[in-house]
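Reading through the structure tokens given below for one structure.
The values are calculated or read from the model by the stated rules, or taken from the named source; none is laboratory data. Computed from a predicted structure; not experimentally measured. Methodologically, a virtual Cβ is constructed for each residue, glycine included, from the backbone with ideal geometry; neighbour enumeration extends over all protein chains shown. Surface areas here come from the heavy atoms of the whole protein model, side chains and all, with no ligands, DNA or RNA. Shrake-Rupley method; radii C 1.70, N 1.55, O 1.52, S 1.80 Å.
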Amino acid sequence: MAHPVLKKLFAAMAITVLSITVTAPAQAVPAYYQQTVTGSTLAECNAAGSQLAQQKRAQGYLVTWTGCGHQGFGYVGLVSWSD
């Protein structure tokens, strides 16, 4: 049979662990952003997308940039970034 002092010690430890777990702050949810880039030529569109992607990387964001494709009468691409 456990000693009464040990029982009290274990009970106090359990309450302490529970209070630490309950009071821990929630993790921040990352924010996601995206911006369309366009150009009348493929090179112009890709240059705009690359420049925006480099700018966002320099600001510390995680960036996704895959390049432009033909759409309608020009070229369009999408730069995405998150915290």
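Just to be sure I understand the filter: pairs with C-beta atoms under 6 Å, separated by 6 or more residues or on different chains, first member in the stretch 67-83 and open to solvent by 60 Å² or more (accessible area, probe 1.4 Å), second member at pLDDT below 95 and outside any strand (DSSP E or B). Which pairs pass?
Asp83/Pro30; Asp83/Ala31
Give the number of residues within the stretch 34-56 that are loosely packed, with under 15 Cβ neighbours inside 10 Å and in contact (Cβ under 8 Å) with a residue 12 or more places away in the chain.
Of all residues in the stretch 34-56, those loosely packed, with under 15 Cβ neighbours inside 10 Å come to 34-36, 40-41, 43, 47, 51, 54-55.
Pick out the ones that are also in contact (Cβ under 8 Å) with a residue 12 or more places away in the chain and you get 34-36, 40-41.
Residues flagged as loosely packed, with under 15 Cβ neighbours inside 10 Å and in contact (Cβ under 8 Å) with a residue 12 or more places away in the chain within the stretch 34-56 amount to 5.
Can you spot a residue in the stretch 67-76 that is hydrophobic (A, V, I, L, M, F, W, C) and modelled with pLDDT of 95 or more? Even if it seems obvious, please write down each step before you answer.
Keep residues of the stretch 67-76 that are hydrophobic (A, V, I, L, M, F, W, C), which gives 68, 73, 76.
Pick out the ones that are also modelled with pLDDT of 95 or more and you get 68, 76.
Checked the stretch 67-76: at least one residue is hydrophobic (A, V, I, L, M, F, W, C) and modelled with pLDDT of 95 or more.
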